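Every number in this text was worked out from the coordinates using simple rules, so none of it is lab data. This one's a predicted model, so the numbers in the text were calculated from it and none came from an experiment. Here Cβ is always computed from backbone atoms with ideal geometry, including for glycine, and neighbour counts include all displayed protein chains.
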Amino acid sequence: MASASGSQGLTPTPASNRQDEGHHQILSAGGDYLCPVCRHGQISQLTLMEAFYCSFCRHIFDVSYDEQLVQVVDSPQPSAWRWLGDRWQVSGPQPEAMAIWIIALILAIVPFSLVGLAAYMFPPLPGSRWGWLPMGWSLGVLVIHATLAAWITVEYYQPPFYAANKVRLRRWLARIQLPQQG
Ligand SMILES: [Zn+2]
């Protein structure tokens, strides 16, 4: 179990022994591999530890060489990936995934249905100046809630572009906050 905090001594080796595309390599202590979380940085083994570390998003992974498996240890979702020789495959069941989809669907559909139903049952008077309002409001509700639902979904799945940009955003925020902390 790695409990490394702070970045002192966590200098990963550069991507020197990365092999050509198509060449399979096994997950081993000396290698470095594309980070399965951000798909941007390289993960490599921490000195004297059974753990890997990403040079870009700075996640730490427990590693099992027997199972060719890494598991992120400093994330709310304890996701694991199996190394297939040239890429990662998500390992194990994803029990929350179904719940996330159901929540996202309810969030996107229910408020819109209620507002839309109200607009349908109590239609504005024909030719009324604000006749467009109920339908426009319904669409606004749909857009806002669909955006929320999409955000919940990507926050759960952490697709590579999203994870990498979140790291960039966090660093940018840290940079602009730095002078005030002085
Ligand atoms: Zn990473």
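Tally up the residues in segment 27-41 that are surrounded by 19 or more Cβ atoms within 10 Å (Cβ to Cβ) and either assigned to a loop (DSSP other than H, G, I, E, B) or among the hydroxyl-bearing types (Ser, Thr, Tyr) (or both), please. Before the answer, list the steps.
First, the residues of segment 27-41 that are surrounded by 19 or more Cβ atoms within 10 Å (Cβ to Cβ): 27, 31-33, 35-38, 41.
Then drop every residue that is not either assigned to a loop (DSSP other than H, G, I, E, B) or among the hydroxyl-bearing types (Ser, Thr, Tyr) (or both), which leaves 27, 31, 33, 35-38, 41.
Of the residues in that region, 8 qualify.
If you scan segment 63-87, which residues turn out to be of a type outside the set (A, V, I, L, M) and within 23 Å of residue 170 (Cβ to Cβ)?
Going through segment 63-87, the residues of a type outside the set (A, V, I, L, M) turn out to be 64-68, 71, 74-79, 81-83, 85-87.
71, 74, 75, 76, 77, 78, 79, 81 - these are the residues of segment 63-87 that are of a type outside the set (A, V, I, L, M) and within 23 Å of residue 170 (Cβ to Cβ).
Matching residues to (1) of a type outside the set (A, V, I, L, M); (2) out of contact with any Lys or Arg (no Cβ under 8 Å at 6 or more places or on another chain):
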site	(1), (2)
99	no, yes
131	yes, yes
145	yes, yes
148	no, yes
153	yes, yes
160	yes, no
166	yes, yes
169	no, yes
Residue list for segment 24-47, filter: more than 14 Å from the ligand (Cβ to nearest atom), hydrophobic (A, V, I, L, M, F, W, C) and without any contact (Cβ under 8 Å) to a residue 40 or more places away in the chain: 29
Can residue 87 be described as within 16 Å of the ligand (Cβ to nearest atom) and among the basic types (Lys, Arg)? yes
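Residues that are out of contact with any Gly (no Cβ under 7 Å at 6 or more places or on another chain) and crowded, with 16+ Cβ neighbours inside 10 Å: list the strands (runs of 3 or more DSSP E) wholly contained in segment 42-157 that include at least 3 such residues.
Numbers: elements: 42-45, 51-54, 60-64, 69-72, 80-83, 88-91.
Passing ranges, in order: 42-45, 51-54, 60-64, 69-72, 80-83.
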For residues in segment 158-182 being surrounded by 13 or more Cβ atoms within 10 Å (Cβ to Cβ) and hydrophobic (A, V, I, L, M, F, W, C), which is farthest from residue 39 (Cα to Cα)? 167
Which pairs have Cβ atoms under 6 Å, sit 6 or more apart or on different chains, and link a residue in segment 94-117 that is farther than 13 Å from residue 142 by Cβ to one that is in a helix (DSSP H, G or I)? 100/156; 104/149; 104/152; 104/153
